[in-house]
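One structure below.
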Amino acid sequence: MRGIEARALDDLSRLLVRLGRTAAATLAKAMSDPAAPWATRVRAADASLGRLLQLRELATLEARVAELERLAGPEAPVR
């Protein structure tokens, strides 16, 4: 069952990566469309900034984990 779930999550992840550019372009269009209501533009900006901060946090966490793994060395047990 775990193998099936892992493959499904991998497939979903690949799909979301492909849709990422379209989603970002949609947010950019909503933010820059002068005909769009301010609430729409502000929400698009907020969503963009929120995702940017999440991405930054994830990248920082990934770097910290990689450094801890490097310091632990190849002999460290894996949980």
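Going by what's in this entry, would Ala39 be described as surrounded by 10 or more Cβ atoms within 10 Å (Cβ to Cβ) and small (Gly, Ala, Ser)? For Ala39, the condition - surrounded by 10 or more Cβ atoms within 10 Å (Cβ to Cβ) and small (Gly, Ala, Ser) - is not met.
Taking the condition of being surrounded by 10 or more Cβ atoms within 10 Å (Cβ to Cβ) and either under 15 Å from the mean Cα position of the chain (by Cα) or assigned to a helix (DSSP H, G or I) (or both), how many residues in segment 14-36 meet it? Matching residues across segment 14-36 total 15.
Read-outs: derived from the displayed coordinates by stated rules, not from any lab. Note that the structure is predicted; figures quoted are calculated from it, not measured. Virtual Cβ from ideal backbone geometry, glycine too; neighbours counted across all protein chains shown.
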